[in-house]
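> Take a look at this one; I'll ask things after.
The values are calculated or read from the model by the stated rules, or taken from the named source; none is laboratory data. From a predicted model like this one, the values you see are computed outputs, not experimental measurements. Neighbour counts run over all protein chains shown; Cβ positions are idealised from the backbone, glycine included.
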Ligand SMILES: NC(=O)c1ccc[n+]([C@@H]2O[C@H](COP(=O)([O-])OP(=O)(O)OC[C@H]3O[C@@H](n4cnc5c(N)ncnc54)[C@H](O)[C@@H]3O)[C@@H](O)[C@H]2O)c1
């Protein structure tokens, strides 16, 4: 394992200078905020999304539908060909579909599971090859409090896919640890992004979170990005298989 992943100087930075990162879902919300944080911390970031990524949001942008495993392989190959290495993968891309259980058919199941879980598995599998070869790497998979509380009404497949992300992380963390590849989950609660607002059906966004969340507000995408930054930095060098909740204390209740 790379011994540089330990911080003896409390004034040191994140240790991301020159590190090469892929951030999925970088066109919006948490993925976009994470790409910006990693760029600011010195990493060379390739953002990936099925939607257009704003110019300047990251160093490179790749358009890909990550629900297709072949596209995941292509993304990693492209980054390796351009950068020569891969240090960090953040899997933030996902979709939310609000459909009742009665109306959930196999096509809806496949759509959500492929976009939310198969995509993370395929990205992890592709990224792990170069990381394990170099015996160094960090992977962060974004799950949701829905994995623990069943999620909002009419979003069962989303919640199920996010439960799968927790098991995916633990399984890979166990198997990759000996090769120096650390795999963790960040578990956001209610975050002010297009997806967060889309899933919301209450009377008032602010009033809803003020009443429901111990910290009395929804979270910001940047606050989730900060947790991800910790996990991929030198400061997270002894953390693997962990689920880091970023939910304002939501699950305390
Ligand atoms: N916002 C919240 O309240 C909240 C809460 C818990 C968990 N999360 C999780 O955080 C992550 C980011 O969500 P967000 O709130 O930023 O959502 P968002 O909708 O703002 O961004 C998600 C991005 O993923 C992209 N994407 C979706 N499917 C894709 C595919 N097949 N291939 C490539 N890109 C694809 C979208 O185009 C979009 O740009 C997701 O995994 C989500 O499940 C969000």
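> Here are some conditions: (1) surrounded by fewer than 21 Cβ atoms within 10 Å (Cβ to Cβ); (2) within 14 Å of the ligand (Cβ to nearest atom); (3) under 22 Å from residue 34 (Cα atoms). Residue 115 meets all but one. Which one does it not meet?
(1)
> Same structure again: Restricting attention to the range 49-56, does a residue exist that is in a strand (DSSP E or B), surrounded by fewer than 18 Cβ atoms within 10 Å (Cβ to Cβ), within 20 Å of the chain's Cα centre (by Cα) and within 9 Å of the ligand (Cβ to nearest atom)?
The answer is no; no qualifying residue exists.
> Looking at (1) more than 17 Å from the chain's Cα centre (by Cα); (2) surrounded by 14 or more Cβ atoms within 10 Å (Cβ to Cβ); (3) away from the ligand (no atom under 16 Å from the Cβ), can you tell me which one residue 60 breaks?
In the conditions (1) more than 17 Å from the chain's Cα centre (by Cα); (2) surrounded by 14 or more Cβ atoms within 10 Å (Cβ to Cβ); (3) away from the ligand (no atom under 16 Å from the Cβ), residue 60 misses (3) alone.
> Which residues, counting only those in the range 177-219, are touching a residue at least 60 places away in the same chain (Cβ under 8 Å) and more than 20 Å from residue 29 (Cβ to Cβ)?
177, 180
Condition check ((1) at pLDDT below 95; (2) in contact with a helix residue (DSSP H, G or I) (Cβ under 8 Å, 6 or more places away or on another chain); (3) more than 21 Å from residue 188 (Cα to Cα)) across all residues:
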site: 46; (1), (2), (3): no, yes, yes
site: 70; (1), (2), (3): no, no, yes
site: 74; (1), (2), (3): no, no, yes
site: 83; (1), (2), (3): no, no, yes
site: 91; (1), (2), (3): no, yes, no
site: 96; (1), (2), (3): no, yes, no
site: 106; (1), (2), (3): no, no, yes
site: 114; (1), (2), (3): no, no, no
site: 138; (1), (2), (3): no, yes, no
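> Going residue by residue through the range 105-112, is there one that turns out to be within 18 Å of the chain's Cα centre (by Cα) and farther than 19 Å from residue 233 by Cβ?
Yes, because at least one residue in the range 105-112 is within 18 Å of the chain's Cα centre (by Cα) and farther than 19 Å from residue 233 by Cβ.
> Right, here's the next one. Scan (1) assigned to a loop (DSSP other than H, G, I, E, B); (2) surrounded by 14 or more Cβ atoms within 10 Å (Cβ to Cβ); (3) within 16 Å of the ligand (Cβ to nearest atom); (4) over 19 Å from the mean Cα position of the chain (by Cα) for the single condition residue 85 breaks and write down its number.
Going through the list (1) assigned to a loop (DSSP other than H, G, I, E, B); (2) surrounded by 14 or more Cβ atoms within 10 Å (Cβ to Cβ); (3) within 16 Å of the ligand (Cβ to nearest atom); (4) over 19 Å from the mean Cα position of the chain (by Cα), residue 85 breaks only (3).
> While we're on this one: Residue under question is residue 178, and the condition is that it be more than 30 Å from residue 60 (Cβ to Cβ) and within 14 Å of the ligand (Cβ to nearest atom); does it hold?
So residue 178 does not fit the description; no.
> Just one of 188, 194 is within 12 Å of the ligand (Cβ to nearest atom) and surrounded by fewer than 20 Cβ atoms within 10 Å (Cβ to Cβ); which is it?
So the residue among 188, 194 that is within 12 Å of the ligand (Cβ to nearest atom) and surrounded by fewer than 20 Cβ atoms within 10 Å (Cβ to Cβ) is 194.
> Just to confirm my filter: which helices (runs of 4 or more DSSP H) fall fully inside the range 158-253 and include at least 1 residues that are out of contact with any helix residue (DSSP H, G or I) (no Cβ under 9 Å at 6 or more places or on another chain) and at pLDDT below 95?
194-198, 205-212
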